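Bear in mind that the values in this text are calculations on the coordinates, not laboratory data. Keep in mind that this is a model prediction, so the values were computed, not measured. Glycine gets a Cβ as well: all are built from the backbone with ideal geometry, and neighbour counts include every protein chain shown.
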Amino acid sequence: MKEILVTGGTGYIGSHTVVELHNAGYKPIIIDNLSNSNIRILDQIEKIIGYKPEFYEFDLCEEQKVIEFVNSHPNIQGIIHFAASKAVGESVQEPLKYYRNNFFSLINLLQAYQQKPIHFVFSSSCTVYGEPDILPVTEEAPVKKATSPYGNTKQIAEEILEEIATAKDNYQIIALRYFNPVGAHDSGLIGELPIGVPQNLLPFITQTAIGKREELTVFGGDYDTPDGTCIRDYIHVVDLAKAHVAAIQRMEEGKSAAKYEVYNVGTGNGYSVLEAIKAFEKYAGQSLNYKIGPRREGDIEKVWGDVNKSQKELNWKAKLGIDEMMSSAWKWENYLKENPIQ
Ligand code: UD1
């Protein structure tokens, strides 16, 4: 079985990708320092795939540990690199933490694999486009100046990866630019597990509905959009996980057209915050306690992706719509109520 290293494999997108790698016949091996996840996610993965994936707990910023791992795992053929800090607001407060964590881990990994042929998938973000001039935004759209250190780490990481793939024969790299991942596995056994107060919309919605939060604040009702709230391209996390498998397969099958490639991963559809709330209310069968509040600093007004390139070249397509996103997120929140993971 082909071995794929999944860094950050107990995290939100990582855990779903571990499941999809297994479903596609791969052997996922996880490295995670559990800084934003929980060891019990391994038990949850086991409930879905029937075994606990091989797991190593350490920080990729520790170079020696990365080297030891690489030397003791000579059969790894691909890496999906999720492990990174991702809270936009925190990155503004603590830029060095973000530059240190996100770059040291990436560089240690790349360096440890200098002598081996490796397929590398990188977690990037549509944040690199900033406020796009043309919608839907294509991969050719200009990268705008980052509005946070977090966004900057994604932009610079993409540049590092392009340079290294061009300079060194052994690396074949794909960066996936995610739009807004939401939802959970349809088993209701894994999903987003925010530590503390959720920053993202969907966990805030479900936590409000279940009674963990009193009220959701919609950040801004005066944007230049049909209902005045921001528009995003929400993508089901299981579809997103499958895009990673498709990226690995493209490289494995030798189909890559360049050493470094970039793909948008979204559905191509935009939904406003109020539309997302309405879709949730429909599936939860209850109305949500929310109010319109002030804008959040740094928010993009509207962004959704052109996904033609990923559909064609990755032979992948988002299949799950807003209904499945909401119903699965709600199922997961209800599971957590009965089975808290702390
Ligand atoms: C944010 C980051 C993005 C990052 C992603 C990682 C910003 C500007 N962007 O995306 O770079 O890759 O998280 O997860 O921070 N909203 C509310 N109330 C809430 C929470 C959110 O109204 O309590 C709204 C936001 O204003 C936005 C939408 O919901 O319009 C989605 O927000 P969120 O889930 O935080 O994602 P992004 O801001 O799109």
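Of all aspartates and glutamates in the structure, the ones whose alpha carbon falls short of 17 Å from that of LYS52, not counting any fewer than 8 places away in one chain, are GLU3, GLU20, ASP32, ASP43. Please report how many Lys pairs in segment 58-184 have alpha carbons closer than 15 angstrom, counting only residues at least 8 apart along the chain or sitting on separate chains. Taking segment 58-184 as the scope, the lysine pair count is 6. Close amide-amide hydrogen proximity is noted between ASP306 and VAL137, THR138, each under 5 Å apart and 5 or more residues distant or on a separate chain (H modeled in the peptide plane; Pro and chain starts excluded). Comparing THR17, THR267, THR138 in a Gaussian network model of the chain where C-alpha atoms under 10 Å apart are linked, the largest mean-square fluctuation is found at THR138.
Dividing the helix sum by the residues of the chain, where each DSSP H run of 4 or more adds -39500 (n - 2.57), gives a mean residue ellipticity at 222 nm of -12500 deg cm²/dmol. Of the trypsin sites (Lys or Arg not before Pro) in segment 240-288, the ones in a loop by DSSP (not H, G, I, E or B) with at most 14 other beta carbons within 10 Å are LYS255. Just checking the listed ones, GLY14, GLY270, GLY293: in the Gaussian network model of the chain with Cα springs under 10 Å, the one fluctuating most is GLY293.
Taking a ≥ b ≥ c as the square roots of the eigenvalues of the Cα gyration tensor, segment 177-238 is oblate, since a/c reaches 1.5 or more and a/b is not larger than b/c. Computed 3J(HN,Hα) for segment 103-113, one whole-Hz value per residue from the Karplus formula 6.51 cos²θ - 1.76 cosθ + 1.60 where θ = phi - 60°, is 8, 4, 5, 4, 5, 4, 5, 4, 5, 5, 9, glycine and proline marked x. The phi torsions of segment 241-255, fed into the Karplus equation with coefficients 6.51, -1.76 and 1.60 and a -60° offset, translate into couplings of 4, 5, 5, 5, 5, 4, 5, 4, 5, 4, 5, 4, 7, x, 8 Hz, rounded to whole numbers, with Gly and Pro shown as x. The simple spin-label model puts a point 7 Å past each Cα toward its Cβ; for LEU135 and ASP186 those points are separated by 3.0 nm.
Where both bridge residues fall in the chain, DSSP classifies roughly 5% of the beta bridges as antiparallel. Residues whose amide H comes within less than 5 Å of that of ILE235, counting only those at least five positions distant or on another chain, are ASN180, VAL182 (H built at 1.01 Å from N in the peptide plane). For segment 160-176, the Karplus equation 6.51 cos²θ - 1.76 cosθ + 1.60, evaluated at θ = phi - 60°, returns couplings of 4, 5, 5, 5, 6, 5, 6, 7, 10, 5, 6, 9, 10, 10, 10, 9, 9 Hz by residue, with Gly and Pro reported as x. Under the classification rounded if a/c is under 1.5, otherwise prolate if a/b is larger than b/c and oblate if not, where does segment 60-168 fall, given a ≥ b ≥ c as square roots of the Cα gyration tensor eigenvalues? Verdict is oblate for segment 60-168. Shape of segment 10-83 from the C-alpha gyration tensor: oblate (a/c of 1.5 or more and a/b not above b/c, with a ≥ b ≥ c the square roots of its eigenvalues). Looking at segment 172-275 alone, DSSP beta bridges between its own residues are antiparallel in about 20 percent of cases.
Run the reach check for LYS212 against aspartates and glutamates, Cα to Cα strictly under 17 Å, same-chain hits fewer than 8 apart removed. What comes back? By straight Cα distance, LYS212 reaches GLU192, GLU281, GLU333, GLU338.
The residues packed around LEU60, meaning those with a beta-carbon under 14 Å from its beta-carbon, carry a net charge of -4 if Lys and Arg are +1 and Asp and Glu are -1.
When each of the peptides 64-76, 81-93 is scored by the mean number of other C-beta atoms lying within 10 Å of its residues, the order from highest to lowest reads 81-93, 64-76. Residues THR217, THR208, arranged from fewest to most other Cβ atoms within 10 angstrom of their Cβ, appear as THR217, THR208.
Lysine pair count for segment 215-342 (Cα-Cα distance under 21 Å; residues 8 or more apart in sequence or on different chains): 23.
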